[in-house]
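The values are calculated or read from the model by the stated rules, or taken from the named source; none is laboratory data. It should be emphasised that the depicted structure is a prediction, and the values quoted were computed from it without experimental measurement. Neighbour counts run over all protein chains shown; Cβ positions are idealised from the backbone, glycine included.
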Amino acid sequence: MKRFYLTISLLLAIVLGGCSDQPNVLATAISQIDDSTHIEQLHDYDSPYTICYKNKNDTYSMYIFASPIQYKIDTGYEIIDNTVIESSDPNYAYENKANSIKTYFPSSLSNSFKVVSEGDFLEFLVQEDVTDFSEAKQEMFTNMYGDIVSAVIYERKNIDMVFYPTKAGIKSEIVIKEKSANKSFIYSVKSNGKSYENKQNGYILFKNSEINAGLIYQPLVKYKIKGEENIDISTKMEIIEKGDGYVLEIILNPDIMKGGETIYPIKFDPSFELYQNKMPDTSVYSKFDTNSYLRHYAIIGEHPTMGEGWEYLRFRLNWFMALDSTKITNAKFYIRNLSNSKSKNILQLFEMDEDWSSIKMLWSTRKTNFEDYIEKDILNNKLVEFDITNFVKSSFADKTWQEESNGLLFKLKNKSSFAILSTSDNSLYPHYIKFQTKVLPTVFAPRESINPQS
């Protein structure tokens, strides 16, 4: 039986954010990287998913992300910058600074937002009464997860609507500041997708034949009762075709909206994004027999409506490079905790012994061959750290790729509670790998696409 021994220093990390309680400023796609030990960036290792640095102590740090952090330009690659700037398009007030996926923000809520890249696009318009909303203002905004983003804000006495760029599109945060009879929000949506899937599994997927085009992600809802913050996942998204587009309705849990003990504001955060190639992970739930591999958050543990939740993860180590595993100094894995449970939550990370399909797996077909585990108490922690040096070394030593293809599994030890974690499809808080070595790896040609091994 393989052992999952811990050492300290090749970093495999999931999610943006730091270990402190101070808010992080999420400007670029690599804002979360601590560059205090870096001397220079080594551009020979650039790709959409990778970035490499030489360190002060003559070691090297390679980062491998689950989704693109850089985009192709004539001279190589440039890091995605989600800063909001004035738009060069006269039809819009603002746009994102630097990315192959462009996001556009109107001067007024009477006009549409747009996300576009080559032939793919999502365009959406708020179909509410937008009377008395302010014109668009660019501000640094602290989002409902406690991080600072460059955003466009439209304000009204009873509600604020905030929109900001991500690596793949636009995330919004609707802030309901006082009790309201309005329990749903309507948007008109246009897309190049010729069809859509809405399985109420956390996202609406637009498709062109069998090719994924765009996604609308189900929001989390944050609110307080008796001073304690709560998270609701029961928001529904309904969509119908209308004319040359669609009508989207986001329906909040009425028990929250009318609850006498609910303390305002209520916040929720739908996202409108284009599909990107990512290293897939997938969630399975004992009371939810629908595949949900594109969901941008995972529920681990025992949830009242979802049942028990497990999360399977894969990485992309051998895809980009070959490396003598004995030269690896250390590897750590970080994941963003989106919830703030007051219960003692022990998160367990298991090493898998069999392969699985991210696009097919359900609770009834889940893989159950796993071995020794690491466990961490994630109570009140935004960022949870696991040292997985031994797993990463084993993955590089295995030239068949089977070790990393089998991947890892998250479970919660105390099943009476649950945690909400970001997944590889969360473009604000995605998975990434940082590993430190004594020598530079042999890098393969930069890949514009990935082998998802799904």
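Quick notes
- The residues on offer are Ile374, Ile388, Ile378, and the sole one that is assigned by TED's automatic domain parsing to the domain that holds Thr326, of a type in the set (Val, Ile, Thr), within 30 Å of Pro23 (Cβ to Cβ) and touching an Asp or Glu at 6+ places or on another chain (Cβ under 8 Å) is Ile374.
- One residue alone among Lys224, Lys207, Lys199 is surrounded by fewer than 15 Cβ atoms within 10 Å (Cβ to Cβ) and free of Cβ contacts under 8 Å to residues at least 60 places away in the same chain, and that residue is Lys224.
- Within the stretch 114-163, the only residue that satisfies the criterion of being over 20 Å from the mean Cα position of the chain (by Cα), of a type in the set (Ser, Thr, Tyr) and buried (at least 19 other Cβ atoms within 10 Å of the Cβ) is Tyr154.
- Within the stretch 77-104, the set of residues being in a strand (DSSP E or B) and either of a type in the set (A, V, I, L, M) or touching a His at 6+ places or on another chain (Cβ under 6 Å) (or both) comprises Ile79, Val84, Ile85, Ala98.
- Out of Ser47, Ser117, one residue alone is in contact with a strand residue (DSSP E or B) (Cβ under 9 Å, 6 or more places away or on another chain), among the polar types (S, T, N, Q) and at pLDDT 90 or above. It is Ser117.
- Criterion: outside the structural domain of Ser427 (by TED's automatic domain parsing) and either touching a Phe, Trp or Tyr at 6+ places or on another chain (Cβ under 9 Å) or within 30 Å of Ile335 (Cβ to Cβ) (or both) - qualifying residue of Ser88, Ser61, Ser108, Ser47: Ser108
- Of the strands (runs of 3 or more DSSP E) lying entirely inside the stretch 208-292, the ones with 1 or more residues being closer than 30 Å to Ser47 by Cβ are found at 211-217, 271-274, 282-285.
- Restricting attention to the stretch 372-388 and to residues that are touching a Phe, Trp or Tyr at 6+ places or on another chain (Cβ under 7 Å) and within 16 Å of Gln32 (Cα to Cα), the residue that is surrounded by the most Cβ atoms within 10 Å (Cβ to Cβ) turns out to be Val384.
- When residues in the stretch 402-436 are screened for being modelled with pLDDT under 90 and basic (Lys, Arg), 2 of them pass.
- Where strands (runs of 3 or more DSSP E) fall wholly inside the stretch 106-163, the ranges with 3 or more residues that are without any contact (Cβ under 8 Å) to a residue 60 or more places away in the chain, out of contact with any Leu (no Cβ under 7 Å at 6 or more places or on another chain) and not hydroxyl-bearing (Ser, Thr, Tyr) are 137-142.
- Condition broken by Gly193, with the remaining ones in (1) within 21 Å of the chain's Cα centre (by Cα); (2) modelled with pLDDT under 95; (3) surrounded by 15 or more Cβ atoms within 10 Å (Cβ to Cβ) satisfied: (1)
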